[in-house]
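Notes for the one structure printed next.
Quick note: the coordinates plus some simple rules give every number you see, no bench work behind them. Everything numeric in this text was worked out from a predicted model, so none of it was measured. Neighbour counts are summed over all protein chains in view; Cβ atoms, including those assigned to glycine, are modelled from backbone coordinates with ideal geometry.
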Amino acid sequence: VCAINTNKCGSAQVCKTVYVYPNPNLSPIQGPPLVCRDDYSVYSVPKDPAAIDYVWTFTGGDIINGQGTNVIDVLWTTPLDTGTICVYAIGVCKDSKVICYKAKIIQPPKQPLVTGTTFICASGTNYLYKNDTIDPNANYTWTQTGGTVVKQFKDSIVINWLNETTGIVKLAAN
């Protein structure tokens, strides 16, 4: 910006440089949309040259690292099904709009509980073992040492114990 004064004796000019600070304008948050509870994830926004700081908020766990930067590390700890990550950039004159991102949280499977006869007779047949804590989101795998599997389902297994002196029935949830 320049100003000029003139009169019949001459003119004088003075100029001043003016700096215009742009306002930050954030792009969408990037990161995994599907996460597991008790896992770590990274979320980010592209660096904005107009931002002097970034403020993140997070429901669903803890921000482990990166507050004040354009990249955060989070630990998902909530038993809820969704979590929300939000960020805005602080500018010299004005802050950006708050942008948010939702992630779906997968909970770990419930620990299976196997019930059934513990003490059996040699050459016993059709012993039923059940899983009393079915989690609809989990897959279960039955394994046994000794005996012969007669039938196997998601929630139960039937075993014939022939000439074994001991046997083991295992159920793994994943």
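Dipole magnitude for the chain: computed about the Cα centre from +1 point charges on Lys and Arg Cβ and -1 point charges on Asp and Glu Cβ, it is near 600 debye. Pairs of lysine residues in the stretch 1-141 that meet both criteria, 8 or more places apart or on different chains and Cα atoms under 28 Å apart, total 9. For the stretch 74-173, the residue among GLY83, ASN163, GLY116 whose Cα projects farthest onto the positive side of the dipole built from Cβ charges is GLY83. Along the axis of the charge dipole computed for the stretch 3-69 (Cβ charges of +1 for Lys and Arg, -1 for Asp and Glu, origin at the Cα centre), the listed residues SER41, ASN25, ALA3 are led at the positive end by ALA3. The coefficient of translational diffusion for the stretch 105-174, derived via Stokes-Einstein from the alpha carbon Kirkwood radius under 37 °C and 0.692 mPa s, stands at 259 µm²/s. Couplings for the stretch 167-174, taken from phi via the Karplus curve 6.51 cos²θ - 1.76 cosθ + 1.60 with θ = phi - 60°, read x, 10, 10, 10, 9, 10, 9, 8 Hz in order; Gly and Pro are left as x.
The listed peptides 150-159, 93-102, ordered by packing as a protection proxy, come out as 150-159, 93-102 (highest mean of other Cβ atoms within 10 Å first).
Kirkwood hydrodynamic radius of the chain, from the reciprocal of the average inverse Cα-Cα distance over all distinct pairs: 21.8 Å.
Suppose every Lys and Arg Cβ carries +1 and every Asp and Glu Cβ carries -1, with no other charges. What dipole size does the stretch 66-120 come out with about its Cα centre, to the nearest 20 debye? Let's see the in-between values first.
Working: 5 positive and 3 negative charges, 30 e Å.
Using Cβ point charges on Lys, Arg, Asp and Glu, the stretch 66-120 gives about 140 debye.
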